[in-house]
Amino acid sequence: MSELNTIALKVLSNGKGILAADESTATMTKRLDSVSVPSTPENRLSFRETLFSSSSMSECIGGVILYDETIKQQTSNKKNIPDLLQSVNSIPGIKVDTGAKSLAGSPNEKVTEGLDGLRDRLKEYYKLGARFTKWRGVYNITKDHPSKLAVHSNAHALARYAALVQECNMVPIVEPEVLMDGNHSAEDCFKKTSEVIKKCFEELILHKIDLTGVILKPNMILAGSESDNKINGDEVAKLTVECLKSSVPSEVPGVAFLSGGQSEIESTENLNLINTVNDTNFIMSYSYGRALQQSALKHWAKNISDIEGTQKVFNHRAKMNTLAAQGKWSKELEN
Ligand code: 13P
């Protein structure tokens, strides 16, 4: 077993998942604005440190994706954040893309940037304790999108990123996110997501990536958020598994879904249903941002010194998702 494969399995085995706490300062400011807390480095750290010190971490959260600011911060008792994570048996990860920008040649679509200087940044993050990384490509569905250009450009960037990350002995999370926004059908989502993922693996293979040391972070197959033809959870699960089965090479050890704007319960329920029908060898777990943090953030914002209360809310969501990643969740457990 390769070193990279061991890391990927450590992050995702036994129902463990990933806490995506890598919101950029701009995104975190939006999240904090929404609960009327000033977005200062101290407040951003305080919320994140509260989650990272929760009792569910060692049992549920195999890895945390950090943002550049956080990986360099210290806790209130002067511990480096990566050391805090290691002490609860969770592997530190880091977002390394620098964001999605307008794609020249198709200005209503985006291509993710961040390759310039990446090799040196990766070395620095490795020294700080990171053992896996994340890069997100983003695609929207309309009549004409994603275009071949967007599908190709983002897959190429993801593969160049993954090659540099593996060269530096870290596991790349490859995240091609087909957005929920729009009124497209679940069939459209299935078709476009399949095309996007297949292209990503075509490029990953061309760039000689060790697929046993990759984690795929895809969207689930859903109808658009404004579609009148929503599908139920059983259909989401069936289509999602079918899509991954036909697009992802069997060497890949695991898939960690993004929540993408689904509610907390929906994200958990769909993950559970996916695991009840999963007939592949892929581990199917979670790498949630909003779906793990939303309720905890709301609770924390009411009284930021109520660490225990905030952790209780977070622990519940972490445990529910870890049960769902094993197909052992049920609605009654939410009460
Ligand atoms: P959400 O689960 O909130 O979609 O965030 C996951 C993520 O990391 C997006 O890049």
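The values are calculated or read from the model by the stated rules, or taken from the named source; none is laboratory data. Predicted model only: the values in this text are computed from it and were never measured. All Cβ positions, glycine included, derive from the backbone under ideal geometry; neighbour counts span all protein chains shown. The area values use the complete protein model at the heavy-atom level, side chains included, leaving out ligands, DNA and RNA. Shrake-Rupley method; radii C 1.70, N 1.55, O 1.52, S 1.80 Å.
Identify all residues within region 248-267 that are away from the ligand (no atom under 12 Å from the Cβ) and over 14 Å from residue 217 (Cβ atoms); write none if there are none. Don't jump to the end; show me each part of the working.
We begin by selecting, within region 248-267, every residue away from the ligand (no atom under 12 Å from the Cβ); these are 248-255, 265.
The answer is 249, 250, 251, 265.
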Pairs, first on the phi > 0 side of the Ramachandran plot in region 110-134, second open to solvent by 10 Å² or more (accessible area, probe 1.4 Å) and assigned to a loop (DSSP other than H, G, I, E, B), C-beta under 6 Å, six or more apart: 114/97; 114/98
Selection within region 276-293 - under 12 Å from residue 51 (Cα atoms) and either touching a helix residue (DSSP H, G or I) at 6+ places or on another chain (Cβ under 6 Å) or away from the ligand (no atom under 13 Å from the Cβ) (or both): 292
Number of positions in region 1-24 that are away from the ligand (no atom under 13 Å from the Cβ), open to solvent by less than 60 Å² (accessible area, probe 1.4 Å) and of a type outside the set (Gly, Ala, Ser): 7
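Would you be able to say whether some residue in region 72-84 is in a helix (DSSP H, G or I), out of contact with any helix residue (DSSP H, G or I) (no Cβ under 7 Å at 6 or more places or on another chain) and open to solvent by 80 Å² or more (accessible area, probe 1.4 Å)? Give the derivation first.
Step one: filter region 72-84 for residues in a helix (DSSP H, G or I), giving 81-84.
Still in the list and also out of contact with any helix residue (DSSP H, G or I) (no Cβ under 7 Å at 6 or more places or on another chain): 83.
With open to solvent by 80 Å² or more (accessible area, probe 1.4 Å) added as a condition, the list becomes none.
No: zero hits.
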Considering residues of region 297-333 that are among the aliphatic types (A, V, I, L, M) and part of a loop (DSSP other than H, G, I, E, B) only, the residue most open to solvent (accessible area, probe 1.4 Å): 304
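Does residue 230 count as outside any loop (DSSP other than H, G, I, E, B), open to solvent by 10 Å² or more (accessible area, probe 1.4 Å) and closer than 27 Å to residue 324 by Cα? Please lay out each step first, then the result.
Details: outside any loop (DSSP other than H, G, I, E, B): no; open to solvent by 10 Å² or more (accessible area, probe 1.4 Å): yes; closer than 27 Å to residue 324 by Cα: yes.
It is false that residue 230 is outside any loop (DSSP other than H, G, I, E, B), open to solvent by 10 Å² or more (accessible area, probe 1.4 Å) and closer than 27 Å to residue 324 by Cα.
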Among (1) within 16 Å of the ligand (Cβ to nearest atom); (2) crowded, with 19+ Cβ neighbours inside 10 Å - the single one residue 49 does not satisfy: (1)
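Kindly indicate the residue of region 294-303 that is within 26 Å of the chain's Cα centre (by Cα) and more than 16 Å from the ligand (Cβ to nearest atom) and also farthest from residue 43 (Cα to Cα) among those meeting that condition.
299
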Conditions (1) within 16 Å of the ligand (Cβ to nearest atom); (2) of a type in the set (Ser, Thr, Tyr); (3) surrounded by 16 or more Cβ atoms within 10 Å (Cβ to Cβ): number failed by residue 27: (3)
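Answer yes if at least one residue in region 61-68 is out of contact with any strand residue (DSSP E or B) (no Cβ under 8 Å at 6 or more places or on another chain) and open to solvent by 10 Å² or more (accessible area, probe 1.4 Å), and no otherwise. First the steps, then the outcome.
Taking region 61-68 as the starting set, the residues that turn out to be out of contact with any strand residue (DSSP E or B) (no Cβ under 8 Å at 6 or more places or on another chain) are none.
For region 61-68, residues out of contact with any strand residue (DSSP E or B) (no Cβ under 8 Å at 6 or more places or on another chain) and open to solvent by 10 Å² or more (accessible area, probe 1.4 Å): absent.
Results for (1) within 30 Å of residue 62 (Cβ to Cβ); (2) open to solvent by less than 10 Å² (accessible area, probe 1.4 Å); (3) part of a helix (DSSP H, G or I), shown as yes or no for each residue.
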| site | (1), (2), (3) |
| --- | --- |
| 134 | yes, no, no |
| 137 | yes, yes, no |
| 141 | no, no, no |
| 150 | no, yes, yes |
| 153 | no, no, yes |
| 159 | yes, yes, yes |
| 166 | yes, no, yes |
| 169 | yes, no, no |
Subset tally (residues that are open to solvent by less than 30 Å² (accessible area, probe 1.4 Å) and more than 30 Å from residue 206 (Cβ to Cβ)) for region 234-274: 10
Hits in region 85-129 (condition: small (Gly, Ala, Ser) and open to solvent by 30 Å² or more (accessible area, probe 1.4 Å)): 87, 100, 102, 104, 105, 117
